[in-house]
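Please read the structure below before turning to the comments.
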Amino acid sequence: MIGVRTLGTEVWDEAKASGAEKEILQMVGDTLLRMDPATRELRPGLVESWQVSSDGRTWTFSLRADIRFHDGWGPLTAEDVKFTWARVISKESVALGAGILREAVNGNMENFEIVNARQFRIRTPSIQIDLPLNLSNGVLQAFTIQSRRYFGAVGEERAVTHPVGTGPFRLASHVRGQQVTLEAVASHWRQTPGFKTVVVRIIREEAAMLAELQSSTLDLAPLSVSLKREAQRAGLHSSSVPSTANAYVVFGGMYPGHQNYDRNAPWIQAENPAKGRLVREALTLAIARRAIVERILSGEGQPAGAPFSFIPGPFRFNDPNWKVPPYDPARAKRLLAEGGYPSGFTMDMPIYPLAGRPEVEDIAHAVADMYEMIGIRVNRIPMEYRPTFRARLAARATKGMVFVNANTFYDEPAAFFRVAGAPEATLAFIHDARVSATVKSLSGELDTEKRMALARELGNYIVRERLAAPIASMSGMWIMGKKVGKVQFITSMATLNSVEYITPAR
């Protein structure tokens with residue numbers, strides 16, 4: 001029995017999945033490539049081999065020969081891959097990876113060539129060095145392959161409520177708003193699960209999760225790291241997943257050129273952008289990062305000097321010059337006055353839970369408290385991320401809002417901005433011409449060292465202009481009951497993954 005805070009929309013459709021739904025989809029299905037849980041190196045998945053042409057623009061993928069869909073729905077073919085890809089990039093799609101996959105084929109499925117039943121070829125309009133990564137289970141936007149034949153036979157409505165995949169589990173039953181029951185696939189081609197039955201149950205409150213873990217009615221759950229000591233006192237074991245996310249403050253409405261550009265927001269001030277930057281600097285200096293790490297994250301993280309995908313740590317894309325901003329509320333007040341707001345202003349702050357990152361809500365409340373200390377009037381608006389707030393991001397409808405978000409680790413910084421920082425992305429926190437231009441250069445650079453240098457250049461610009469306010473990196477924390485022996489989650493991923501590798505206690 002696994003506890004989770006949310007299962008998103010509870011519609012198991014790759015064209016509509018962008019959050020917690022993917023946790024179930026990746027148990028029922030498989031991605032084209034897989035990531036080694038310990039090293040984050042790419043490994044074969046449904047694809048057994050892949051290669052790129054010398055000009056970096058033609059990718060050829062070969063599928064395994066022994067893969068079949070559950071319940072007799074036939075062998076996996078390149079037609080199924082093309083079918084799923086086309087649905088994910090359709091106009092109706094709200095999939096997190098829609099923008100990346102659309103860009104890969106230049107918005108035209110004619111650039112997806114079926115060579116034969118087991119081989120397909122992608123012709124990209126430019127070099128996209130991170131394409132294999134984006135087809136793996138190591139990123140949130142990755143997608144599993146769904147059966148073209150099954151959708152055609154039973155219709156979309158049934159296909160997305162009773163999914164059929166190639167993964168290590170079958171979906172046995174689903175009680176909406178309560179739980180999903182999955183059954184292990186015997187002799188699965190990749191990994192036969194250690195537990196024959198897995199129930200994923202929605203439990204909104206962490207206190208209830210901890211109580212059920214103590215009573216052995218629950219076996220595994222993600223809990224705030226602040227509960228680690230309490231869980232240990234109860235005799236429960238924990239598994240920490242480092243660098244799972246970077247938390248930061250997003251300034252809403254920063255969409256120049258878009259109809260929802262909030263040009264008069266205090267943190268933008270399009271007629272006087274220097275003053276807008278002063279306000280963003282004030283909102284950055286008002287945050288007590290070390291206090292958040294110690295009190296909310298129980299030391300399981302570190303203060304950050306850069307936002308978005310630039311997670312603190314020994315990663316090649318980081319720059320040691322990105323210093324953690326000091327906590328200086330007095331200076332923050334002076335900067336507010338210099339920016340034209342000596343008496344502060346009013347902002348809306350949506351506060352929402354994120355799958356695998358329960359601390360984000362607490363961090364948001366802490367940041368709201370800190371802003372109120374410098375004279376900002378904060379309207380706290382509790383809501384669900386999906387579908388409510390995510391729909392706002394997709395529509396760029398964040399006028400008057402400042403909010404705390406956290407994103408997972410990205411091996412290639414460009415991947416994050418193509419998902420959430422570009423005008424063509426399904427959803428975006430910012431639109432910025434220089435960011436977009438640098439991301440295009442990043443995506444087209446084959447030389448790793450040059451690519452990392454470009455990433456640092458991008459980070460320097462974001463830090464210098466305070467396009468978002470960094471807070472802290474976060475570690476994921478899973479608490480295990482007595483029935484669970486070993487877990488093997490992917491390094492730097494906070495969401496539920498690799499369930500098939502969980503072993504029973506001896």
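How are the Cα pair distances of the chain distributed, in percent, across 20 Å bins from 0?
Percent of Cα pairs in each bin: 23, 56, 20, 1.
Taking the Cβ of each residue in F143, F195, F61 as the centre, tally the other Cβ atoms inside 10 Å and list the residues starting with the fewest.
With the fewest neighbours first, F143, F195, F61 line up as F195, F61, F143.
Just want to confirm a number: the relative contact order over the chain, from Cα pairs under 8 angstrom separated by 6+ residues, in percent.
Rounded, it is 21 percent for the chain.
What does the charge count near D80 come to, summing +1 for each Lys or Arg and -1 for each Asp or Glu among other residues with Cβ under 14 Å from its Cβ? Each step should come with its number before you reach the end.
Working: positive: R64, R68, K82, R87, R118, R148, R149; negative: E14, D30, E79.
Spelling it out: positives minus negatives among the neighbours equals +4.
Count neighbours as other Cβ atoms within 10 Å of each site's Cβ, and list the GluC sites (Glu not before Pro) in the range 226-328 that are DSSP loop with at most 11 such neighbours.
For GluC sites (Glu not before Pro) across the range 226-328 that sit outside H, G, I, E and B with at most 11 neighbouring Cβ atoms in 10 Å, the list reads E271.
If you average the alpha carbon positions of the range 234-311 and of the range 340-402, how far apart do those two centres end up, in angstrom?
11
Could you work out the helix-only [θ] at 222 nm for the chain, with each DSSP H run of four or more residues adding -39,500 (n - 2.57) and the total divided by the number of residues, to the nearest 500 deg cm²/dmol?
About -8000 deg cm²/dmol.
Out of all DSSP beta bridges with both ends in the range 242-475, state the antiparallel percent to the nearest 5.
So the antiparallel bridges amount to about 70 percent of the total.
Restricting the count to DSSP beta bridges whose residues both fall in the chain, what percent are antiparallel, rounded to a multiple of 5?
Details: 57 of 69 bridges.
Approximately 85 percent, going by the DSSP bridge assignments.
Using alpha carbon coordinates only, what is the Rg to Rh ratio of the range 290-359, with Rh defined as the Kirkwood radius?
With Rh from the inverse mean 1/r over Cα pairs, Rg/Rh is 1.03.
Around T181, what is the net charge, scoring Lys/Arg as +1 and Asp/Glu as -1 over all other residues with Cβ under 15 Å from its Cβ? Can you show the working numbers first?
Working: positive: R170, R176, K196, R201; negative: E10, E23, E183, D219.
With Lys, Arg at +1 and Asp, Glu at -1, the net is 0.
List L297, L171 from most exposed to least, where exposure is judged by having the fewest other Cβ atoms within 10 Å.
L171, L297
Rank the residues I67, I430, I471 as a footprinting-exposure proxy: fewest other Cβ atoms within 10 Å of their Cβ go first.
Values: I67 19, I430 24, I471 32.
Least to most surrounded, the residues fall as I67, I430, I471.
Where a ≥ b ≥ c are the square roots of the eigenvalues of the C-alpha gyration tensor, would you call the range 363-506 rounded, which needs a/c under 1.5, or, failing that, prolate if a/b is larger than b/c, or oblate?
Oblate, because a/c is 1.5 or more while a/b does not exceed b/c.
Every number here is computed from the coordinates shown, using simple stated rules; none is lab data. Here the structure is a predicted model, which is why all the values come from computation and not from measurement. Don't worry about glycine lacking a Cβ; one is built from the backbone with ideal geometry, like all the others, and counts go over all protein chains shown.
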